[in-house]
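**Student:** Okay, here's the structure, questions in a sec.
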């Protein structure tokens, strides 16, 4: 283990700043907290100073579902909703299912199918992401 009273190197200060920037990019620090900690890290003369800049740094957030698992869950939910509709609909399609003179639920299924397809493509990385990426700093 390194001695906290030993002088810090430029590489150690740079590594601390990178850790702080990563934490900010992941949303674990506010801009004010990042600024304060960066000032401490960049002005550090000893390893103890660097340790104070990184003290109680919030850890990474638990990862959510993978995009593929999320899309599979979304598809399973869609299938379950369709199954509920199939089981609870009237056996004779007139007049509830043919209220407009044709099988109107096809419009609901079409919109839901398009939404499901777009969601699956987005979760699979085939469509561009909206908003900023996790490491990107906000404008200003």
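Conditions (1) modelled with pLDDT under 85; (2) not assigned by TED's automatic domain parsing to the domain that holds residue 105, marked per residue:
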site	(1), (2)
19	no, yes
23	no, yes
27	yes, yes
34	no, yes
40	no, yes
47	no, yes
74	yes, no
85	yes, no
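**Student:** Tell me, please, whether a residue that is closer than 25 Å to residue 7 by Cβ, touching a strand residue (DSSP E or B) at 6+ places or on another chain (Cβ under 9 Å) and exposed (fewer than 14 other Cβ atoms within 10 Å of the Cβ) can be found in segment 36-59. Please lay out each step first, then the result.
**Tutor:** Within segment 36-59, the subset closer than 25 Å to residue 7 by Cβ is 36-57.
Narrowing further to those that are touching a strand residue (DSSP E or B) at 6+ places or on another chain (Cβ under 9 Å): 45-47.
Of the ones still in play, those that are also exposed (fewer than 14 other Cβ atoms within 10 Å of the Cβ) are 45.
For segment 36-59, residues closer than 25 Å to residue 7 by Cβ, touching a strand residue (DSSP E or B) at 6+ places or on another chain (Cβ under 9 Å) and exposed (fewer than 14 other Cβ atoms within 10 Å of the Cβ): present.
**Student:** Right, something else. How many residues are surrounded by fewer than 15 Cβ atoms within 10 Å (Cβ to Cβ) and in contact (Cβ under 8 Å) with a residue 40 or more places away in the chain when one looks only at segment 15-26?
**Tutor:** The total comes to 1.
**Student:** I would also like to ask the following. Pairs under 7 Å by beta carbon, first residue at negative phi and part of a helix (DSSP H, G or I) in segment 60-71, partner surrounded by 10 or more Cβ atoms within 10 Å (Cβ to Cβ) and at pLDDT 70 or above, six or more apart or different chains?
**Tutor:** Once the first residue is at negative phi and part of a helix (DSSP H, G or I) and sits in segment 60-71, its partners that are surrounded by 10 or more Cβ atoms within 10 Å (Cβ to Cβ) and at pLDDT 70 or above give 71/119; 71/120.
The values are calculated or read from the model by the stated rules, or taken from the named source; none is laboratory data. Small disclaimer: the values here were computed from a predicted structure and weren't measured. With ideal geometry, Cβ positions are generated from the backbone for all residues, glycine too; neighbour counts draw on all protein chains shown.
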